[in-house]
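To start, the structure under review is shown below, and the notes come after it.
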Amino acid sequence: MSSFNLNDLNLFVHAVEGGSFTAAGRRLGVPKSTVSKRVAELEAKLGARLIQRTSRSFSLTDLGRDFFEHAQASVIEAEMAESIVRSRLGEPSGTVRITASVPTSQFMLAEHLPDLALRYPKLKVFLHVTDRFVDIVQEGFDIAVRSHQLPLADSSLVQRKLAEHEFLLVAAPSYVDRHGAPQRPEDLVAHAAVMPSLTETAWRLFSATGDETLVKPPPVMAADEPFVLLRAAAAGMGITILPTSVCREAIEQGRLIRILPEWTAGNITTTVLLPHRRGQLPSVRAVVEFIGERLGQP
């Protein structure tokens, strides 16, 4: 019979995933000293060093890496066992941690998360909003929602495509009233452009019939944040390109209108990523299904 308990494994796994005893203690709500002491006791019971730690570094030994793989699986299996019981007794419960970029959070998730809370009142969802790259395994996240134009690199993560959003050319009605609407892509050279990149000088456009063209409208402003582009275009500064996930509501409200409706500027894909085993947790599956339901692909 095992000489250590599941709590010891849980503390060890969180320490490794968080990269430090401090991060594990913060996530679990226990003092750093408790995590350090319990991991040391675990090593003593095993008679083996699992983690090499100094005041400046924290790394797994070769044996520690092998042990971590199995310990992590044991912790997740225990979480699954508890979640299955809870799901049979009622709705999903527990905590699900999500990370997403600022635009994805603002324009795709924010309006739906209140409904998620209403549907599953026993579920707690923590959303971490950042534009930096997040290693969801090492940082202990259950789900990442990423919007990308290029295919995501192959990895050990489970990938589930949610939706594709076209980039539309849009402008404010006031701009069109003052300057008219271009009838062909080449007409854009006579119009003011709000560029979605500080270095971009041209737009590659695609027609519904398969044609492709490159145009260089004169920029009056550039920004690499879609909310800024949306506000600038709605204020009548010029024509810009925005994904439907960002400009849909503004078009429905009449604050923006579509320019050259037979043409788009490519598309962007939204994908959910999750660690393989954590994706089997009923609470995580419930959130993924909800997001998929709301963002376009059941």
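Taken together, the values in this text are just the output of simple stated rules run on the coordinates, not laboratory data. Note that the structure is predicted; figures quoted are calculated from it, not measured. We place every Cβ from the backbone using ideal geometry, glycine too, and count neighbours over all the protein chains shown.
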- Query: Order of 94-100, 59-65 by packing, highest average Cβ count within 10 Å first?
  - Reply: 94-100, 59-65
- In degrees between 0 and 90, to the nearest 10, how far off the longest principal axis of the chain does helix 282-295 point, with axes built from Cα atoms? 0 degrees
- Item | Extension reserve of the Leu150-Arg119 stretch, reckoned as 0.36 nm per residue once the Cα distance is removed | 7.8 nm
- Task: Using only Cα atoms, locate the centre of segment 118-168 and the centre of segment 23-62, then give the distance between them in Å, rounded to an integer.
- Result: 29 Å
- Output ordering of 13-20, 46-53 (per-residue mean of other Cβ within 10 Å, highest first) is 13-20, 46-53
- Relative contact order, percent, of segment 187-298 when contacts are C-alpha pairs under 8 Å separated by at least 6 residues? 25 percent
- Message: For a protection proxy built on the mean count of beta-carbon atoms within 10 angstrom, sort 140-149, 113-122 highest first, please.
- Response: 140-149, 113-122
- Cross-link reach from Lys37 to lysines, straight Cα distance under 22 Å and at least 8 residues apart if same chain, gives Lys45
- If the chain between Glu289 and Thr95 were fully extended at 0.36 nm per residue, the gain over the current Cα-Cα distance would be 68.3 nm
- Pair Phe126, Met221: separation of 7 Å Cα→Cβ label points (nm): 3.7 nm
